[in-house]
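J.: Before I ask anything, let me first share the structure, which is written out below as structure tokens.
Readers should treat all values here as calculations from the given coordinates under stated rules, not as data from a laboratory. Just so you know, these numbers come straight off a predicted model, no measurement behind them. Note that we place each Cβ from the backbone using ideal geometry, even for glycine, and neighbour counts take in every protein chain shown.
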Amino acid sequence: MADKQNHGIGGLKYDQSKTPWPPETGVFVALVLITVVFEVLNRMHGTSFLFNTRAAVDAIFNKPRLDIIILQVSITGIIALGATQVMVAGGIDLSAGSVVGATAMVAMSFAQTAMVNGHANPKALFGPWAMDLPAVDPILVGLACGMLAGMINGVLIAYTRIPPFIATLGMMLSARGAADWWSNGDPVSFPTQGYANLANGDVLKYLTFGLLSWPGENPAVLFIVLAILLSLVMKYTVYGKRCYAIGSNEAAARMSGINVDRHKVLVYTIAGMLTAAATIMLTSKNLSAQAGMGMMYELDAIAMAVIGGVSLNGGRGTILGTVLGALIFSVIISGFTSIRLDAYYQEMVKGAIIVGAVVLDQWRQRRNASRT
Amino acid sequence: MSEFVLETRGLSKHYGGVHALDDANFALRPGEHVAVVGDNGAGKSTFVRQITGVEQRTAGQIFFHGSEVHFSGPIAARDHGIETVFQNLALADDLDVPSNLFLGRELIKLRLGPFSILDRKSMRQQTEQALVKTAVKIPNLTSTIRNMSGGQRQCVAIARAAHFASKLIIMDEPTAALGVQETAQVENIIRGLKEQGVPLILISHNLRQVFDLVDRIVVFRRGRIVASLNREETDGNDIVSYITGVKGNEDAYV
Ligand SMILES: Nc1ncnc2c1ncn2[C@@H]1O[C@H](COP(=O)(O)OP(=O)(O)O)[C@@H](O)[C@H]1O
Ligand SMILES: [Mg+2]
């Protein structure tokens, strides 16, 4: 085949050598622009956003800041990966933040150590049988807890045909209630060293046999690994293809023989599993679990996805887009901190970004609708 | 092998008090192309939905290649080699052409349950072949079909049906929303199917098209089949008389 072709109904011309920009291009450009703005603002104060300005340190980049930019969105970012596939499949998950709370309490209860500084663990929840278990136990319990919540969401949405918004709103309330009930509102603390190492260790060093090292950044490593994995799943597997098909035209997917209901259960279960993975990192990092953990995380996650070009109407968006959206989110937070803007302003600006992203999404929808 | 590809006896569908389809006796012979015509609301789409199992019939029997069938859904019909181009396109706008062609029956490279790896290359190649076979021209296989014209999207739907159909194709008003050139394109695909000997039921309002393409014309009126006429023994005025009820107030049997 020649690279230039002239075919199509009515002599429609199409030049195959011209491939369109990938959909994430706009998000990437926005990320670069926002970063440049903060760099300029910092330079006006004689500092730098991205680059090292301390003479005592021999580095080109401001590594602590770059580390924080990744780390501070790793946990909500992992949740955003799950939210992305839910939204691509035409759903929404408002329960993630509360599932973090419930999973945190449950998982941590199986991660406790018996002795703290020579005294019996003051926060011990269960008897000696649940003390000093290997880290794999709380991991499995935590994952099961998140998957159960996700599966309940999925079953409600698929088989009772409740709108996802309502079903996951119910889970949002119930899961938070379960978290409060678990230990009557008391925090669960003092995990084993093994559990603490999950987030605070140096898994990169371990995986690369000492070649690379990124201590204390395990949540970021997990975020990146899961992002790559899920990105491949969405692109190259039947699972991903069906998420897009269902989000794009559920009736057509059904007509084509796709088991839409079963797929939805799977999608929400995987979202729950990712939420649980994020929770394990969070509790390991904090060395403690509280029932109020993860409050509003679902909104951060949805915002990251929407900023990254995932459509609230389903069918459109990519994992790469969401990762870029998460970075935009993080750069803005770090940027405001770097120019010493109050946390109150940060919250307000965050809200404005979310609304702005949704407006942009709706505008894209309308532009697309008018084209067909 | 039976004399008929498809036969319905007393096929009826009632929506509450509405007798959308009443006692339809219909038969299709091997290789035959039949048009179904009738006014809006005459029951043509209802007839298609009963045959393809999209809805469950109120009464009557359906025979496919001589044996009685009870399709639980369009997938069951599809498994029997019946492909349908529904009036409202069953396409996913955000997917590209190969993904739409293989929607629900993706080709697999490595079987891993729901996470099976797609064989994207084969799907792409087979899509190209299907488009060549049906002479469908699409600007770009890898972009989503959202921005394609109505005709191109319809061609994708028809190419999908033509690619997979082994025993019967049903098209419900495939050219209703298309321009002149796009209609010609679809008609060419239908001629190709005739040459291949694939039987076809074509629902259409366009009598010129019907007389150009098919062997026999079946007229529906108010949920009943009122005429079944070979193309040679009828003309446009005759058909219109049946459609409007000037002629044929008794049921027709084939
Ligand atoms: N799901 C339904 N519920 C109730 N009435 C219906 C339904 N589908 C079709 N009808 C009625 O059945 C009749 C036949 O409709 P249809 O088969 O769509 O006609 P056609 O395709 O010939 O234009 C119409 O009167 C229509 O209003
Ligand atoms: Mg109709």
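J.: Can you compute the helix-only [θ] at 222 nm over chain B? Use -39500 (n - 2.57) per DSSP H run of at least 4 residues, normalise by all residues, nearest 500 deg cm²/dmol. Could the numbers behind the result be given before it?
T.: Values: 8 runs with 81 residues, N = 254.
Counting only the DSSP helices, I get -9500 deg cm²/dmol.
J.: Continuing with the same structure: For a test of the definition: using alpha carbon positions, the gyration tensor, and the 1.5 limit on a/c, classify segment A:21-371 as rounded, prolate or oblate. Walk me through the numbers before you get to the answer.
T.: On the way: a/c = 1.77, a/b = 1.06, b/c = 1.67.
Oblate.
J.: Another question, then. Return the lysines within reach of A:Lys241: Cα separation strictly under 16 angstrom, same-chain partners fewer than 8 residues apart disregarded; answer none if there are no such residues.
T.: Within reach: A:Lys264, B:Lys109, B:Lys121.
J.: Another question, then. So how tilted is helix A:25-44 from the main axis of chain A? Cα-based, degrees 0 to 90, rounded to 10.
T.: 60
J.: Ok, one more. Once you charge only the Cβ atoms, +1 for Lys and Arg and -1 for Asp and Glu, what is the size of the charge dipole of segment B:93-155 about its Cα centre, to the nearest 20 debye?
T.: 180
J.: Another question, then. Could you work out how far apart the two model spin labels at A:Leu232 and B:Asp215 are, taking each label as a point 7 Å from the Cα in the direction of the beta carbon, and quote it in nm?
T.: Each label point lies 7 Å from its Cα, and together they span 5.3 nm.
J.: Need one number: convex hull volume per residue for the protein assembly as shown, Cα atoms only, in Å³.
T.: Details: hull volume 129.6 nm³, N = 626.
Convex hull of Cα atoms, per residue: 207 Å³.
J.: Out of B:Ser45, B:Ser67, B:Ser12, any idea which swings most in a Gaussian network model of chain B, alpha carbons joined below 10 Å?
T.: So, out of B:Ser45, B:Ser67, B:Ser12, the one fluctuating most is B:Ser67.
J.: Still on this model: Among all the aspartates and glutamates, which ones have a C-alpha under 16 Å from A:Lys235's C-alpha, if same-chain residues fewer than 8 places away are not counted?
T.: Partners within reach: A:Glu24, B:Asp94, B:Asp96, B:Glu106, B:Asp119.
J.: Also: For A:Phe165 and A:Tyr344, compute 0.36 nm times the residue count separating them, minus their Cα-Cα distance, and round to one decimal in nm.
T.: Stretched out fully, the A:Phe165 to A:Tyr344 stretch lengthens by 61.6 nm.
J.: Turning to a different aspect of this structure: State the answer as a single residue: which of A:Val136, A:Ile68, A:Ala111 lies farthest towards the positive end of the charge dipole of chain A, with beta carbon charges of +1 for Lys and Arg and -1 for Asp and Glu, about the Cα centre.
T.: Towards the positive end, the residue furthest out is A:Ile68.
J.: Turning to a different aspect of this structure: Just the number, please: percent antiparallel of the DSSP beta bridges in the protein assembly as shown, rounded to the nearest 5.
T.: Working: 32 of 49 bridges.
Antiparallel: roughly 65 percent of the beta bridges in the protein assembly as shown.
J.: Moving to a separate point now. Going 7 Å from the Cα of A:Ala130 along its beta-carbon direction, which residues of segment A:73-105 have the amide nitrogen within less than 19 Å of the resulting point?
T.: In segment A:73-105, the label zone of A:Ala130 (backbone N under 19 Å from the point 7 Å along Cα→Cβ) covers A:99-105.
J.: What distance in nm lies between label points placed 7 Å from Cα along the C-beta direction at A:Ser213 and A:Ala352?
T.: Distance between the two pseudo-spin positions: 4.3 nm.
J.: At 7 Å along Cα-to-Cβ for each site, give me the label-to-label distance between A:Val32 and A:Val225 in nm.
T.: It is 3.1 nm.
J.: Also: So how tilted is helix A:319-338 from the main axis of chain A? Cα-based, degrees 0 to 90, rounded to 10.
T.: Helix A:319-338 sits at roughly 60 degrees to that axis.
J.: Given +1 on the Cβ of Lys and Arg, -1 on the Cβ of Asp and Glu, and no further charges, what dipole in debye does segment B:1-141 carry about its Cα centre, rounded to the nearest 20?
T.: Charge dipole of segment B:1-141: 440 debye, to the nearest 20.
J.: In the protein assembly as shown, with Lys and Arg counted as +1 and Asp and Glu as -1 at Cβ, which of these residues, A:Ala55, B:Thr175, A:Met147, has the Cα nearest the positive end of the dipole, that is, farthest along it?
T.: Checked the options; the winner is A:Ala55.
J.: Right, another one. To make sure I understand, if each residue's beta carbon is the centre and we count other beta carbons within 10 Å, what order do B:Arg29, B:Arg146, A:Arg340 fall in, fewest to most?
T.: A:Arg340, B:Arg29, B:Arg146
J.: Among A:Thr269, A:Thr208, A:Tyr297, whose Cα lies farthest out toward the positive end of the dipole of the protein assembly as shown, if unit charges sit on the beta carbon of Lys, Arg (+1) and Asp, Glu (-1)?
T.: Positive-end residue among those listed: A:Thr208.
J.: Right, something else. Once the Cα atoms of helix A:218-236 and of chain A are each reduced to a long axis, what angle between those two axes, in degrees from 0 to 90 to the nearest 10, is obtained?
T.: 30
J.: Counting only other residues whose beta carbon sits under 11 Å from that of A:Ala102, what net charge do I get with K and R as +1, D and E as -1? Mind dumping the intermediate values first?
T.: Details: positive: A:Arg176; negative: A:Asp180.
Charge balance near A:Ala102 sits at 0.
J.: On to the next question. Charges only on Cβ, +1 for Lys and Arg, -1 for Asp and Glu: so what's the dipole of segment A:21-371 about the Cα centre, in debye to the nearest 20?
T.: With Lys and Arg at +1 and Asp and Glu at -1, about 980 debye.
J.: With 10 Å bins from zero, work out the P(r) of segment B:49-164 over every alpha carbon pair and list the percent per bin.
T.: For segment B:49-164, the binned pair fractions read 13, 38, 31, 16, 2 percent.
J.: Which helices count as membrane-span-like in chain B under these terms: full DSSP H, at least 18 Å along the axis by C-alpha, Kyte-Doolittle mean of -0.5 or more?
T.: Details: long enough: B:120-133 (19 Å, -1.47); B:150-164 (22 Å, 0.08); B:180-196 (24 Å, -0.65).
Once both thresholds are applied, what remains is B:150-164.
J.: Any lysines with Cα under 21 Å of the B:Lys13 Cα? List them, leaving off those in the same chain fewer than 8 positions away.
T.: List returned: B:Lys44.
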